[in-house]
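The values are calculated or read from the model by the stated rules, or taken from the named source; none is laboratory data. All of these numbers come straight from a predicted model, not from anything done at the bench. Surface areas here come from the heavy atoms of the whole protein model, side chains and all, with no ligands, DNA or RNA. Shrake-Rupley method; radii C 1.70, N 1.55, O 1.52, S 1.80 Å.
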Amino acid sequence: MSVILVLIITSIVVAVVFLGAFFWAVKSGQYDDTYSPSVRMLFEEKTKKKD
């Protein structure tokens, strides 16, 4: 019975840590720009090969 309590408490702590990391990432702006990464390769200049 004590092993189940340890596992439940550990899983809740891990879930809270991941939830905190997700909110921190959203607050710091990591998910703000969703359009430009998908079209960035279309606007990059091609490099010229040197012979």
Quiz item: In region 21-50, what residues are open to solvent by 100 Å² or more (accessible area, probe 1.4 Å) and outside any helix (DSSP H, G or I)?
Solution: Gln30, Tyr31, Asp32, Thr34, Tyr35, Glu44, Glu45, Lys46, Thr47, Lys48, Lys49, Lys50
Quiz item: Residue check, Phe18 against (1) modelled with pLDDT under 80; (2) open to solvent by 100 Å² or more (accessible area, probe 1.4 Å); (3) part of a helix (DSSP H, G or I), all met but one. Which one?
Solution: (1)
